[in-house]
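Some notes on the structure that comes next.
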Amino acid sequence: MSKNIAFIPLKTFSRRLRQKNFKNLLDIPVFNYALKTALKSKIFCKILLSTDNSKLVKKKLRINDDKIQILQRNKYEQNFNLPIKKVMHSQLSRYKDIKDIDNICVIYSTAALLTVKKLKNSYRKLSNEVNCVMGVSSVSPHPNRCFSISKGKITKLVNIKNKDSMKWQKYFASNGSICWLNFKEFKKTKSLYIEPIAIEIFSKYEHVDVDIIEDFEFLAKIFKTTTQKNKKT
């Protein structure tokens, strides 16, 4: 059986929404939901919480399990401009307990709607022919409808060749939910985009990419509705 680890980034600084990784979702710090799902899936031998503030993580942590380990970032890793792939590579190169690891799954802290089913489905897509499985969502509104505004001038982002919107090609983007990686390939490439890549599609009710307070409020509404539905069934 493959050995998998999960890596959950939990930095305190956030440019757009202050301390979004630690904001309460229905009275519980948001990162606990994705963490709980990761544990419930039973596909990880370790779940690493990467942070620049171990004390805050311990204070906000609502789950006690031996599989959970907090990794304190050093001064270099605390640079807020440092991409997560470099933080991961730096921390994991110093992590002594990783032996014979096959795969690593980056689970983003605000992925509170993540389900065990989604985790397992995406995991199954890893193979000898697939090095990366990325969580994505369809781009909305469609790029053909988008434009930029500069000094009062409107510029379309896409030159629409086909005006029939029913025939427009669908576009997707990484949505900040999960990203599975072949660990050996990650160590070599230090990248989160390792070809060949497969995708796991999330609907707008399965994941909300949180950047601003309105995103978080929308996440809370969906989560509350989903929780109520699950209780009824």
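Just so you know, all these numbers are worked out from the coordinates, no wet-lab data involved. Remember, predicted model here, so these are calculated numbers, not experimental data. No Cβ is skipped: glycine too gets one built from the backbone with ideal geometry, and neighbour counts run over all protein chains shown.
Remarks
- At R0 = 45 Å, FRET efficiency that the Cβ-Cβ distance of ASP100 and CYS146 yields, to 0.05: 0.45
- Prolate/oblate/rounded label for segment 1-72 (Cα gyration tensor, a/c 1.5): prolate
- Which of SER148, SER14, SER2 has the fewest Cβ neighbours within 10 Å, and the rest in rising order: SER148, SER2, SER14
- Counted residue by residue at 0.36 nm each, then reduced by the alpha carbon distance between them, the extension gain from ILE201 to LYS86 reaches 38.8 nm.
- Distance between modelled label sites at LEU26 and ARG62, nm, 7 Å Cα→Cβ extension: 0.9 nm
- For segment 91-233, radius of gyration divided by Kirkwood radius, i.e. Rg to Rh on alpha-carbons: 1.05
- Karplus 3J(HN,Hα) series, Hz, for segment 50-56 with 6.51 cos²θ - 1.76 cosθ + 1.60 (x for Gly, Pro): 8, 8, 9, 8, 4, 4, 5
- The H on the amide N of ILE199, modeled in the peptide plane, is under 5 Å from the matching H of MET134, each at least 5 residues off or on a different chain.
- Karplus-derived 3J(HN,Hα) values for segment 185-195, using 6.51 cos²θ - 1.76 cosθ + 1.60 with θ = phi - 60°, are 5, 5, 4, 6, 8, 6, 10, 9, 10, 10, 5 Hz; glycine and proline are entered as x.
- Label positions at PHE13 and ASN121, each projected 7 Å from the Cα along the C-beta direction, are separated by 3.7 nm.
- Cα shape, segment 1-125, gyration tensor, a/c 1.5 rule: oblate
- Structure-based [θ]222 nm, the chain - -39500 (n - 2.57) summed over DSSP H runs of at least 4, per residue, nearest 500: -8500 deg cm²/dmol
- Only Cα pairs under 8 Å and 6+ residues apart enter the sum, and on that basis the relative contact order of the chain stands at 23 percent.
- Dividing the mean sequence gap of close Cα pairs (under 8 Å, 6+ apart) by how many residues segment 27-114 holds gives a relative contact order of 42 percent.
- Global geometry of segment 33-100, whether rounded, prolate or oblate, following the gyration tensor of its Cα atoms and the 1.5 cut on a/c: oblate
- 26 Å Cα-Cα threshold exceeded, pairs from LYS46/LYS85; LYS67/LYS96; LYS36/LYS188; LYS40/LYS170: LYS36/LYS188; LYS40/LYS170
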